[in-house]
1. Give the residue, chosen from Leu113, Leu87, Leu67, that is open to solvent by 50 Å² or more (accessible area, probe 1.4 Å), farther than 15 Å from Ala24 by Cα and of a type in the set (A, V, I, L, M, F, W, C).
2. Within the stretch 1-49, track down each residue that is buried (at least 19 other Cβ atoms within 10 Å of the Cβ) and either free of Cβ contacts under 8 Å to residues at least 12 places away in the same chain or of a type in the set (Phe, Trp, Tyr) (or both).
3. Pull up the stretch 50-64, narrow it to residues that are assigned to a loop (DSSP other than H, G, I, E, B) and within 28 Å of Ala77 (Cβ to Cβ), then point me to the one that is most open to solvent (accessible area, probe 1.4 Å).
4. Across the stretch 94-128, what is the number of residues that are outside any loop (DSSP other than H, G, I, E, B) and more than 14 Å from the chain's Cα centre (by Cα)?
5. Any chance the stretch 75-93 includes a residue that's under 19 Å from Ile2 (Cβ atoms) and of a type in the set (Phe, Trp, Tyr)?
Amino acid sequence: MIDHTGIFVSDFEKSKAFYQAALAPIGYTLVMELSAAVTGHTDVAGFGENGKPDFWISRGTPNQPPLHIAFRAETRAPVEAFHAAALAQGGRDNGGPGIRAHYHPNYYGAFVLDPDGHNIEVVCHCPA
């Protein structure tokens, strides 16, 4: 079981604002922020739900190649809201909300490239 994951971002403040907006529809908030003075190497921000950060961004040179991170939603509405919010915050469309039947009949996902080109997805595995 994965406890947490993270990515490096080139513009920490821009990416922090992007993820605050894009992940809000799935109930994620900015849970924790630590400065380089605290971490000993760089600024970090942790996003999650129920007070537990499980997705982190770190100031630095973005991962190459860019990463793919998928977040799960319980219904399809948050998938659509994520896509709209991410685009409104400057994300680039990488696949609008819809069924991806090649994965399975109820795979409903949306994909957006974040400011550094990381492929961010929200997916629902439940029927409509």
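1. From the options Leu113, Leu87, Leu67, the qualifying one is Leu67.
2. Selection gives Phe8, Phe18, Tyr19, Tyr28, Phe47.
3. Asn50
4. 4
5. no
The values are calculated or read from the model by the stated rules, or taken from the named source; none is laboratory data. In this text the structure is predicted, and so the values were computed from the model without any measurement. All Cβ positions, even for glycine, are placed from backbone atoms using ideal geometry, and neighbour counts span all protein chains on display. Protein only, heavy atoms only, side chains kept; ligands, DNA and RNA dropped before computing areas. Shrake-Rupley method; radii C 1.70, N 1.55, O 1.52, S 1.80 Å.
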